[in-house]
Amino acid sequence: KTKYSKLIFRKSDTVPEELHQMVQESFLTLREHNCFFQDLVRIKGKDFLTPVSRILIGNPGCTYKYLNTRLFTVPWPTEGYDIKYCSPQIHDACKALMRLNDYLHIEAVKALQGQNLFETKEIEDTTVIDREQSFATSLTEQGSVSKDQSDICVPEDDRSLKNRTSYNLTLLNYMDPLQMLYLKQEPYFGMGNMAVSWHHDENLVERSVVAVYSYSCEDSAIEESNEQELKGRNPAVWHVGLKVAWDIETPGLAVPLHQGDIYLMLDDLNMTHQHCVLAGLSPRFSSTHRVADSSRGTLEYILAQCELALQNLQTDSDSTALSLKSLEAVVVKQVEEIHNEVEFEWLRQFWFQGKRYLKCTDWWLKPMAKLEEFWRKMEIMTSLVLSEVRKEQQMEEQRNETVSCFLLLLKERQKLRKEWTAR
């Protein structure tokens with residue numbers, strides 16, 4: 001009641017059947033089209049292949065970075081964007097997940113409003129797991145067309161509440177535990193096999209709600225074993241585990257997850273607690289909806305950064321020769337930082353993952369071509385800086401300052417290029 005009060009659980013029978021059907025079909029469609037991929041992530045300087053396979057779906061131009069790997073959204077059908085999918089089935093799958101996203105947004109708003117009411121009244125007898133039905137209206141009654149989240153009526157004084165629940169992407173996970181040769185054991189509470197180890201979700205808007213839809217492909221043998229009396233958790237059933245961060249004295253919590261169950265991690269729970277996923281026996285999909293911190297993670301952001309850098313490049317009026325407008329250290333530093341950002345946070349991250357996105361859509365190819373064009377111009381700008389600082393007419397003090405910050409960024413670029421080449 002006190003340690004896990006911000007975990008909200010919804011049984012599958014609280015979710016409209018029509019939504020279940022659409023979402024579960026979309027999972028199976030994406031698996032049939034081989035759209036789930038294991039990620040190569042970097043932890044403490046070493047690369048690891050994730051046991052879980054993933055795909056990111058969300059707002060066009062959005063990205064999500066975790067464990068030094070940036071994933072790029074397969075865009076869901078968004079008004080005003082020209083998105084071509086590899087098949088109508090993939091379009092329908094992305095549309096279904098967009099519907100789920102809208103549904104979970106409404107659920108998260110309600111859950112936060114309920115939490116605020118609870119805190120205001122200082123009610124003490126609450127339950128960790130809320131099994132009440134909170135969304136009886138079916139999608140059909142709402143209107144089957146997915147609405148933009150900004151259309152949902154939220155009072156003005158709840159603006160921050162809306163921002164903390166307006167999901168811009170979902171990270172889909174898939175794993176078949178019987179295909180895994182080895183799964184780590186949960187080390188603190190004896191909870192059994194872990195599909196995902198203890199962690200906080202990264203790169204999220206502060207105090208934003210994480211909403212998860214779980215779909216395990218259970219069979220009759222597993223359902224029979226559920227009826228047996230077992231001590232501890234049933235190893236055949238998937239669970240989400242929670243613990244207080246950096247605390248193994250407080251008992252951990254393991255909540256069973258069945259087909260179509262939903263759970264919400266409210267407010268600061270993702271920071272004060274860690275969670276893990278405990279493997280069952282059957283294959284499982286999940287759709288984990290997040291408010292990703294988009295301050296530095298959108299296509300719009302990086303294109304604006306490139307435009308800013310290229311403001312220091314000019315074409316001489318008498319010829320087609322290129323030159324720099326300024327050699328001030330602060331200007332050179334800004335341009336070279338953006339140069340590194342576009343190369344290592346965007347271009348290399350995208351192409352390092354190969355052509356995986358082309359299994360769904362070619363949407364990212366044009367933006368990447370544009371970023372490569374900007375990067376080539378920044379390579380020219382780097383050469384121009386080198387050329388200018390060699391000239392003797394440069395004032396020594398200004399030249400030393402420029403060279404000093406310039407060299408630091410060139411060394412960083414060289415180091416990162418070696419790392420990426422090794423990877």
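Quick look at the values:
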item: Helical segments meeting 27 Å axial Cα length and Kyte-Doolittle -0.5 threshold in the chain (DSSP H); result: 88-121, 365-389
item: LEU386 paired with LEU310, simple spin-label distance in nm, labels 7 Å along Cα-to-beta-carbon; result: 2.2 nm
item: Theoretical gain in end-to-end length, PHE48 to ASN68 [0.36 nm per residue, Cα-Cα removed]; result: 6.1 nm
item: Probe 1.4 Å, protein heavy atoms only - accessible area per residue of the chain in square angstrom; result: 51 Å²
item: Top of ILE262, ILE248, ILE55 by mean-square fluctuation, Gaussian network on the chain, Cα under 10 Å; result: ILE248
item: Carbon plus sulfur fraction of accessible area for the chain, probe 1.4 Å, in percent; result: 51 percent
item: Sequence of LYS377, LYS366, LYS46, LYS3 when ordered by accessible area, the most exposed leading, probe 1.4 angstrom; result: LYS366, LYS46, LYS3, LYS377
item: Rounded to whole Å, sorted largest first: equivalent-ellipsoid semi-axes of the chain, Cα gyration tensor; result: 45, 24, 22
item: Per-residue HN-Hα couplings for the range 196-202 [Karplus 6.51, -1.76, 1.60; θ = phi - 60°; Hz; x = Gly/Pro]; result: 9, 6, 4, 6, 9, 6, 9
item: Given 12 as the ceiling on other Cβ atoms within 10 Å, longest exposed-site-free region of the chain for chymotrypsin sites (Phe, Trp or Tyr not before Pro) in DSSP loops; result: 247-423
item: Length released on extending from TYR301 to LEU365, taking residue separation times 0.36 nm less the Cα-Cα span; result: 21.3 nm
item: Square roots of 5 times each gyration tensor eigenvalue, C-alpha, the range 226-380, largest first, Å; result: 50, 20, 11
item: Amide hydrogen neighbours beyond the local backbone of VAL237, cut-off 5 Å, H modeled; result: LEU281
item: Alpha-carbon Debye profile of the range 299-422, log10 I(q)/I(0) at 0.15, 0.16, 0.21, 0.23 Å⁻¹; result: -0.75, -0.83, -1.23, -1.37
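The values are calculated or read from the model by the stated rules, or taken from the named source; none is laboratory data. Computed from a predicted model, the values in this text were never measured in an experiment. Note that we place each Cβ from the backbone using ideal geometry, even for glycine, and neighbour counts take in every protein chain shown. Note: areas computed on protein heavy atoms with side chains; ligands, DNA, RNA excluded. Shrake-Rupley method; radii C 1.70, N 1.55, O 1.52, S 1.80 Å.
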